[in-house]
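Peer 1: Below you'll find the structure I mean.
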Amino acid sequence: MRRFHAAQASGAGCVVSFVAGSLEKAASIANQLRLFGTAVSFGTVPSTVCLPCTMSHASIEPSQRRLPEDVVRLSVGLEDPEDLWED
């Protein structure tokens, strides 16, 4: 995947994922964001946030997901970087 990405792009990607510590904390983080809209999939110009285990992966049995339930995914868009960092 890294070589595939490097062949198409001039820099790093725009999706950042992190583990929040609990599903409740992940939801709290997502709900407090002002500039990141909630989305199930990425690929838009505005920044978005996704909680995969309660959204896109919710129908998959937890034992089959291979993804912690408290993962938060941010897709960084074209907003001012300082505004996004503050958010």
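The values are calculated or read from the model by the stated rules, or taken from the named source; none is laboratory data. Given the structure is predicted, the values throughout are model-derived calculations rather than measurements. Note: ideal-geometry Cβ built from the backbone for every residue, glycine included; neighbour counts use all protein chains shown. With ligands, DNA and RNA removed, areas are computed over all heavy atoms of the protein, side chains included. Shrake-Rupley method; radii C 1.70, N 1.55, O 1.52, S 1.80 Å.
Peer 1: For the chain, what is the relative contact order in percent, using Cα pairs closer than 8 Å and at least 6 residues apart in sequence?
Peer 2: 36 percent
Peer 1: Return the carbon/sulfur percentage of the accessible area of region 32-87, one whole number, probe 1.4 Å, all protein chains in place.
Peer 2: 53 percent
Peer 1: Net charge around Ser22, counting only other residues with Cβ within less than 15 Å of its Cβ (Lys, Arg = +1; Asp, Glu = -1)?
Peer 2: Residues near Ser22 contribute -2 overall.
Peer 1: Which order do peptides 6-14, 69-77, 52-60 fall in by mean Cβ count within 10 Å, highest first?
Peer 2: 69-77, 52-60, 6-14
Peer 1: With each pseudo-label sitting 7 Å past Cα toward Cβ, what's the Asp87-Cys14 distance in nm, one decimal?
Peer 2: Placing both labels 7 Å along Cα→Cβ, they lie 1.2 nm apart.
Peer 1: Once you list every other residue whose beta carbon is under 14 Å from the beta carbon of Asp87, what net charge do they have if Lys and Arg are +1 and Asp and Glu are -1?
Peer 2: Surrounding charge for Asp87 is -4.
Peer 1: Rounded to the nearest 500, what is the chain's calculated 222 nm mean residue ellipticity when only DSSP H runs of at least 4 contribute -39500 (n - 2.57) each, over all residues?
Peer 2: Computed ellipticity for the chain at 222 nm equals -7500 deg cm²/dmol.
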